[in-house]
1. Out of (1) part of a helix (DSSP H, G or I); (2) surrounded by 10 or more Cβ atoms within 10 Å (Cβ to Cβ); (3) at pLDDT below 90, what's the single condition that is false for D78?
2. Counting only residues that are under 20 Å from the mean Cα position of the chain (by Cα) and more than 13 Å from D7 (Cβ to Cβ), how many does the stretch 40-76 have?
3. Mind listing whichever residues of the stretch 6-33 are outside any helix (DSSP H, G or I) and surrounded by 15 or more Cβ atoms within 10 Å (Cβ to Cβ)?
4. Those residues that are within 11 Å of I10 (Cβ to Cβ), in a helix (DSSP H, G or I) and either among the polar types (S, T, N, Q) or touching a Leu at 6+ places or on another chain (Cβ under 8 Å) (or both), I need them from the stretch 39-71; list them, please.
5. What are the pairs with Cβ atoms under 9 angstrom where one residue, in the stretch 42-66, is in contact (Cβ under 8 Å) with a residue 40 or more places away in the chain and the other, located anywhere, is hydroxyl-bearing (S, T, Y)? Sequence gap at least six, or different chains.
Amino acid sequence: MKARFTDEQIIAIIKEQESGEKTADVFRRHGISSATFYKYTSKYGGMEPSDAKRLRALEDENGKLKKLLAEQMLSSRDIAAQYPVRRGTMQCCETSIQKNGDARWEA
């Protein structure tokens, strides 16, 4: 979904309201609801346009890292499925008992 306003535009809208202009006039001029405006304010309030660019870059990087982690976890799961490990079932190697006289355990 394409955003209607860029981060910089949203910050400019918030600054208009903060400069003393009536909130209802800001809503009407930009064609947004009060809920949308307050959602923008909660996310972008007190930011400068450079901060918004940095936030966007961090969100993009976070998304890439999450995707990379998910792919790695799926790859690990696939490898583990190919080579199952039987836990709790230890078998004694009879040949090492016969040769060495002691029990050597193998997984």
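1. Every listed condition holds for D78 apart from (2).
2. 17
3. I32
4. T41
5. Sorted first by the residue in the stretch 42-66, then by its partner, the pairs are A52/T6; A52/Y44; L55/Y44.
The values are calculated or read from the model by the stated rules, or taken from the named source; none is laboratory data. Note that the coordinates shown come from a computational prediction; the quantities given were computed from them, not determined experimentally. Note that each Cβ is placed from the backbone with ideal geometry, even for glycine, and that neighbours are counted across all protein chains shown.
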